[in-house]
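J.: Sending over a structure as structure tokens; questions will come in a sec.
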Ligand code: ADP
Ligand code: MG
């Protein structure tokens, strides 16, 4: 991609070589504002392939916006993000050095799956139709898409629900289907934005079980959650955000046991 090469060669010496190579997701100097409000403020984070990163922080700290920039639902004002070595955005000082092409956005959406708090299944489609819709629209043959969908249903323990409609399922089941749907495009990275926050407490466990299984199988996961017990168990790294900035990053033992920052300890004291 000529545009990427130009921006890369001219401006981002550290990106093409050195310690960033091999990172599944590289976020470098990303800032984003809504009007006067700076929602992401110089965020830099490298996420290794196959790792599980949990993002914590108060409501309004920019967690969802960060996920949405990784998935290209939002543009960054400054900085860049690369997915598996593929550069997906770079601007600096308001001057666009690399204007993202629509086809690049679509390609990056295949690489990055996202699961939202509200399950967002298509209500008028059956479970199986929900699972094959995206692969079909990306040119996968129907027999192959159906076969993959059935494999995914088996993996999440819902093979018997292929012909059901979303309204016939519990919230936990719908969210497990939403996870399967995100996996149907075989993404390199899966993002979760508070995947259990909309669920009744008794349904949280079954969804966390599916995410836990993905973590074990080596899928690269970035998870925004307030489920501290889960974070402690599955996270390789915990990232704490405040006012659009990353204020502390560390392994769960460190963050939950003896975080350096008092504000991190105070937040955890409230949610634990
Ligand atoms: P979190 O997920 O940590 O709760 P968000 O990323 O959703 O935080 O929001 C960060 C800040 O950005 C909040 O102050 C929020 O009100 C604001 N914000 C988010 N999306 C928009 C938008 N589309 N327009 C204007 N402000 C927004
Ligand atoms: Mg949010």
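Every number in this text was worked out from the coordinates using simple rules, so none of it is lab data. The model shown is predicted, which means the values in this text are computed figures rather than measured ones. Cβ atoms come from the backbone with ideal geometry, glycine included; neighbour counts cover every protein chain shown.
J.: How much of the DSSP beta bridge set in the range 120-272 is antiparallel, as a percent to the nearest 5?
T.: 50
J.: To continue, here is another question. Using label points projected 7 Å from each Cα along Cα→Cβ, tell me how many nm separate residue 38 and residue 209, to one decimal.
T.: Distance between the two pseudo-spin positions: 4.6 nm.
J.: Within 10 Å, count the other beta carbons around each residue, average over each peptide in 213-223, 256-266, and list them highest first.
T.: Highest-to-lowest ranking by the protection proxy: 213-223, 256-266.
J.: Using 0.36 nm per residue, how much length does the chain from residue 160 to residue 138 gain when fully extended, once their Cα-Cα distance is taken away?
T.: Details: separation 22, 0.36 × 22 = 7.92 nm, distance 2.61 nm.
Once the chain is fully extended between residue 160 and residue 138, it gains 5.3 nm.
J.: Continuing with the same structure: Give the whole-number value, in cubic angstrom per residue, of the convex hull volume spanned by the C-alpha atoms of the range 150-255.
T.: 119
J.: Once you put a point 7 Å from the Cα of residue 226 and another 7 Å from the Cα of residue 258, both along the Cβ direction, what distance in nm separates them?
T.: 2.9
J.: Ok, one more. Using Cα pairs closer than 8 Å and at least 6 residues apart in sequence, work out the relative contact order for the range 230-272, in percent.
T.: 29
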